[in-house]
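Enquirer: I have a structure I would like to understand better, so I am pasting it below and will then ask my questions one at a time.
The values are calculated or read from the model by the stated rules, or taken from the named source; none is laboratory data. Keep in mind it's a predicted model, so treat the numbers as computed, not measured. Cβ placement follows ideal geometry from the backbone for every residue including glycine, while neighbour counts extend to all protein chains displayed. With ligands, DNA and RNA removed, areas are computed over all heavy atoms of the protein, side chains included. Shrake-Rupley method; radii C 1.70, N 1.55, O 1.52, S 1.80 Å.
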Amino acid sequence: MPLFQKAVFYTTVANLNDMPLDSQREVAFAGRSNAGKSSAINTLANHTRLAFVSKTPGRTQHINFFELANGHFMVDLPGYGYAQVPEAVRRHWVDLLGKYLQTRRQLIGLVLIMDCRHPLKPLDVQMLDFFAQTGQPVHILLSKADKLSKNDQIKTLSSVKKLLKPFMERQEVSIQLFSSLKKQGIEEVNQVVSAWFARQQEQSETETEDNGEMPV
């Protein structure tokens with residue numbers, strides 16, 4: 001079964017103190033407002049409205065948790081880079097997003113969504129720099145690939161890979177094309193993120209054995 005297929009809404013929080021206590025591992029989804037993050041989540045989950053899609057960027061103002069079939073969580077983070085919100089709201093988003101990414105011990109990786117027509121905007125680069133401090137992997141989805149011809153898709157993917165080389169020297173970074181409309185790239189995302197969970201499970205079991213405890 002695909003990893004995200006049975007995702008169900010679990011809770012939404014506006015403060016770090018309200019994060020689920022029973023979560024063991026989480027993979028987060030982030031991206032600029034209007035990059036196609038909510039559509040990507042819905043497509044991966046095969047659910048039309050699991051994550052709310054709005055024509056008004058910046059609607060996701062909280063951190064939304066969705067439970068996966070493996071018992072772990074997918075986390076939908078507030079979109080960044082949308083200026084037309086009150087300054088107090090923007091500061092809250094930045095604080096909540098930053099603290100979650102830096103301090104959430106359950107977080108094992110970040111799926112970063114970028115519009116394939118406008119990749120690696122300054123705030124995307126800032127996000128990569130910021131998250132690199134955690135040492136956790138990043139998988140980039142170049143969304144809305146259907147907006148480009150096949151030839152332009154290949155050129156864009158190659159170009160962005162070259163620009164990502166400095167980041168790849170510091171952390172695990174992978175990238176792919178993705179289209180919610182054409183259902184393109186779903187299997188690849190599942191494979192990458194499933195591998196993250198499997199690796200964390202293996203590390204946990206190894207640590208348990210090294211400590212002389214019975215694995216559970």
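Enquirer: Which value, in Å² and to the nearest 10, is the accessible area of residue 48 when all protein chains are kept and the probe is 1.4 Å?
Expert: Number for this one is 120 Å².
Enquirer: For the range 112-211, build the convex hull from the C-alpha positions and give me its volume per residue in Å³.
Expert: Normalising the Cα hull of the range 112-211 by residue number yields 98 Å³.
Enquirer: Oh, and also: Kindly report, to the nearest 10 Å², the accessible surface of residue 154 as traced by a 1.4 Å probe over protein heavy atoms only.
Expert: 110 Å²
Enquirer: Scan the range 161-198 for trypsin sites (Lys or Arg not before Pro) in coil per DSSP, keeping those whose Cβ has at most 14 other Cβ atoms within 10 Å, and list them by number.
Expert: Passing sites in the range 161-198 are 170, 182, 183.
Enquirer: Heavy atoms only, probe 1.4 Å: what % of the accessible area of the chain goes to carbon and sulfur, would you let me know?
Expert: So the carbon and sulfur contribution to the accessible surface is 49 percent.
Enquirer: For 104, 49, 32, give me the order by solvent-accessible area with a 1.4 Å probe, most accessible first, ignoring ligands, DNA and RNA.
Expert: 49, 32, 104
Enquirer: Averaged per residue, what accessible surface does the chain expose to a 1.4 Å probe, in Å²?
Expert: That works out to 52 Å² per residue.
Enquirer: Express in whole angstrom the spacing between the alpha-carbon centres of the range 155-179 and the range 99-130.
Expert: So the two Cα centres are separated by 13 Å.
Enquirer: Along its three principal axes, how long is the chain when you only count alpha carbons? Whole Å, largest extent first please.
Expert: Extents along the principal axes: 54, 40, 34 Å.
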